[in-house]
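For reference, the structure is listed below as structure tokens.
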Amino acid sequence: MNKLFLSLTQLIVSFLCATNIYAQNIPGEYIETALSNNLVLKERKVSLQKSLVALQQARSLFLPTTWFEGQYTLAKGGRTIDIPVGDLMNPVYKTLNQLTNSNGFTSIGNVSEQLNPNNFYDVRIRTTMPLYNPDLKINRDIQQQQVQLQQSEVDTYKRALVKEVKTAYYNYLLTGKAIIIYQNALQVVNQNLRMNESLLKNGKGLPAYVSRAESEVNVVRSQLQTAINDQQNARAAFNFLLNRTFTDSIIVVETTLHDSLATRINPGQDGITGREELKSLTLAKEINANQLKMNNGFRKPRLNAFLDLASQGFDFEVNNKSIYYLGGVQLQIPIFAGKRNLYKIKQTALEAQAIDLNTSNTIQQLELAALVSRNNMVTAYNNYQSALKQEEAARQYFKLINKGYTEGVNSFIEFLDARNQLTSSSLQAVINQYKVLSAAADYERQTASYSFK
């Protein structure tokens, strides 16, 4: 018995997991439209573009950096330097005057010059370039992995969006089928109302039957209006995912499940190896490893080169004496930083442990979700088959009761009960049909079996 159940389960899963059945139940252009127009997906793509720009920025750090800077100063007061020019030269001038018997050399005073330059300009074009900095390469690798991580997140949402679009489409189809069922039921109860009114008019009916028939008409009308409102909401929800006007029309493609399809399909895959979440966790671990590598390299020196092409002088004079160049190298070797670098290393190592634990937990969650989804799919299919049988039985029962009621064999209460059973079973069959399709869409999501172009 267990082997028979397992064989039946495998057959059902094979039937439901076929890629053919996925493709036949929703127009492909709707999925393409959602992948192109969905606002949340566009937002995720913007984040991806930001990561690409950050990668370009990381690559540009290897190139020289050149900028212009200038400074002009006005100053008065402050520290000064005394130059005893008079004390040094006046005795000499006095001796010369005596020797020449003239006053050609006049006395001069001492000079006091302020240290702050006044009316002084200093402009330069400075270029710097890293000669050795291991952080730059690691940072570039991290940014590259960040791009891949953002792409993985985009793919994760795309796969979830496909499932949501399919589910929303099936909900819309379900509401359409419910409207048809209630419309058919409304025709039945209206016909029944007319018949009871005719019997009462001819003196063969009861007022209570007419009142009950009117009540049934009102009940079905209310149910029909509810179904119409549900369809409008389902249309709006579907169009929202596609970023379209909420009232846009939706193409209806009939979806029917046939047991004969099971012989034309291949078994599905229950694995989760294709899930983008696992790829994201792998990338997160690689990013953490690069960050740890960067933190461990804090003891390595950094060497940069610089070159200034400049001019400086007073009163904006530019000549061969004001123009100059200045170049050199800068070496930076860390000595002490209060153990902050060691703390960063320890923190990064703990983050690596957290990522490992999160990965193990995520794998278990994804495997559990795939298992539950598979079981839900099998249950939905079994319920659908059972609902079909119940619907057929209710239809046959209604035919018998309706005929007997017309001929006066069965009571009005039996007629109402048969009609309610038929409406309920028909609606339940439709609900279970789309539950199968929704369960298949969820299983497709859990196993990442949908193939993007």
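The values are calculated or read from the model by the stated rules, or taken from the named source; none is laboratory data. Treat the numbers as computed from the prediction; the structure is a model and nothing was measured. With ideal geometry, Cβ positions are generated from the backbone for all residues, glycine too; neighbour counts draw on all protein chains shown.
The number of residues in segment 398-408 that are over 52 Å from the mean Cα position of the chain (by Cα) and either at pLDDT below 85 or crowded, with 16+ Cβ neighbours inside 10 Å (or both) comes to 6.
Of all residues in segment 26-35, those being assigned to a helix (DSSP H, G or I) and of a type in the set (V, I, T) number 2. Condition first: surrounded by fewer than 16 Cβ atoms within 10 Å (Cβ to Cβ) and in contact with a Ser or Thr (Cβ under 8 Å, 6 or more places away or on another chain). Can you find one or more residues in segment 430-451 that meet it? Scanning segment 430-451 turns up at least one residue that is surrounded by fewer than 16 Cβ atoms within 10 Å (Cβ to Cβ) and in contact with a Ser or Thr (Cβ under 8 Å, 6 or more places away or on another chain). Pairing each residue of segment 408-434 that is assigned by TED's automatic domain parsing to the domain that holds N376 with any residue that is among the acidic types (D, E), provided the two are 6+ apart or on different chains, yields C-beta distances under 6 Å for S425/E391; S426/E391; A429/E391.
Here S438, S425 are screened, and the one residue that is closer than 18 Å to V220 by Cα and among the hydroxyl-bearing types (S, T, Y) is S425. Take the conditions (1) at pLDDT below 90; (2) in contact with a helix residue (DSSP H, G or I) (Cβ under 7 Å, 6 or more places away or on another chain); Y170 misses just one of them, which is (1). Those residues that are surrounded by 12 or more Cβ atoms within 10 Å (Cβ to Cβ) and of a type in the set (F, W, Y), I need them from segment 319-346; list them, please. Correct list: Y324, Y343.
Which one is surrounded by the fewest Cβ atoms within 10 Å (Cβ to Cβ), of the residues in segment 53-86 that are more than 30 Å from L307 (Cα to Cα) and touching a Leu at 6+ places or on another chain (Cβ under 8 Å)? The selected residue is R79. For segment 159-178, the criterion of being assigned to a helix (DSSP H, G or I), touching a residue at least 12 places away in the same chain (Cβ under 8 Å) and over 30 Å from Q428 (Cβ atoms) is met by at least one residue.
Checking N361, N383, N376, N320 one by one, the residue that is outside the structural domain of E414 (by TED's automatic domain parsing) and outside any strand (DSSP E or B) is N320 and no other. Residues in segment 124-163 that are over 30 Å from Y443 (Cα atoms) and polar (S, T, N, Q) were compared, and the one that is farthest from the chain's Cα centre (by Cα) is T127.
Could you check, for segment 202-219, whether at least one of its residues is touching a helix residue (DSSP H, G or I) at 6+ places or on another chain (Cβ under 9 Å), under 30 Å from S47 (Cα atoms) and surrounded by 14 or more Cβ atoms within 10 Å (Cβ to Cβ)? No, that holds for no residue.
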